[in-house]
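Note sheet for the following structure.
The values are calculated or read from the model by the stated rules, or taken from the named source; none is laboratory data. Small disclaimer: the values here were computed from a predicted structure and weren't measured. When we count neighbours, we look across all protein chains shown, and the Cβ atoms used for this are built from the backbone with ideal geometry, even at glycine. Protein only, heavy atoms only, side chains kept; ligands, DNA and RNA dropped before computing areas. Shrake-Rupley method; radii C 1.70, N 1.55, O 1.52, S 1.80 Å.
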Amino acid sequence: MAQTHDDEPDEVIDPRRHDDAPVTPPLRVGLRRRGIYLLPNLFTTGVLFCGFFAIVQAMQGRFEIGCIAIFVAMVLDGMDGRVARWTNTQSEFGAQYDSIADMVAFGAAPALIAYTWVLKDFGTAGWIGAFIYCAGAGIRLARFNANIAVVDKRYFQGLPSPSGAAVMAGYIWVLVDFFGIAPRDYAWLAPVTWAVAVFAGVTMVSNVPFWSFKEVNWKKRVPLWVILALVIGISIVASSPSLVLFGVFMAYGFSGYVMWAMGHRTRPILPDDDSDG
């Protein structure tokens, strides 16, 4: 006869015991609820928001605001990892979330801004150039995650994706803000923009070494003149942000090729893909 809801289960008797005392069935242990660390992921969410905001602004023709949003994303991206290390809140979720946010802010957003600004008038070559940049950023991020434990900490293997985004966005920002150039004013604008996009995309996936600045000891005491130099540097950037920032990151983009010509090399490490897919 089937057991009803009112029936009590039979008592479990342990044959190894000398008395007839019932054995209490083991309690079912529930799954532990796990959460995420709030503070570092707030900065990562800010990176994702800036990338999405930049795309929206480009769709509305506000290219200058979109480019500025990408530079804000760079600042937030530089802070989330440091905040996680300072507060000991590193996690695998944070690392994966950071990569996704970086792909939007430093891969898709600059490519779409460039395409919406002028590359759409360059025909098929235009969207191909934008895709080369976007794919380069994605491959660069994936390779960085795969090789994070094996590469030389002194150098980046290829141009970092935030710097690549700064080259792409800074180029558009300086032309719109400093020079006041409109996309339809000059016939050379589309092919030059295409060349900048391809240069940034290819450089990100290259084996060209770029100084990582990770050997700088930020806790070390410095002379007083260093503070004065920083003040002067900030003043120079504030005088013309678009021109100075584009010049700085474009120079950094070429610095890797100078180091490569001087004999510096990074090992072309790429782990084997053991997946069946």
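Just wondering, is there one or more residues in the stretch 99-119 that are more than 22 Å from VAL248 (Cβ to Cβ), surrounded by fewer than 21 Cβ atoms within 10 Å (Cβ to Cβ), within 17 Å of the chain's Cα centre (by Cα) and not aliphatic (A, V, I, L, M)?
Yes, the stretch 99-119 contains a residue that is more than 22 Å from VAL248 (Cβ to Cβ), surrounded by fewer than 21 Cβ atoms within 10 Å (Cβ to Cβ), within 17 Å of the chain's Cα centre (by Cα) and not aliphatic (A, V, I, L, M).
Taking the stated definitions as given, is VAL192 open to solvent by less than 20 Å² (accessible area, probe 1.4 Å), part of a helix (DSSP H, G or I) and of a type in the set (Val, Ile, Thr)?
So VAL192 does not fit the description; no.
Give just the number: which of (1) more than 20 Å from VAL167 (Cβ to Cβ); (2) open to solvent by 20 Å² or more (accessible area, probe 1.4 Å) does ALA84 not satisfy?
Against the list (1) more than 20 Å from VAL167 (Cβ to Cβ); (2) open to solvent by 20 Å² or more (accessible area, probe 1.4 Å), ALA84 comes up short only on (2).
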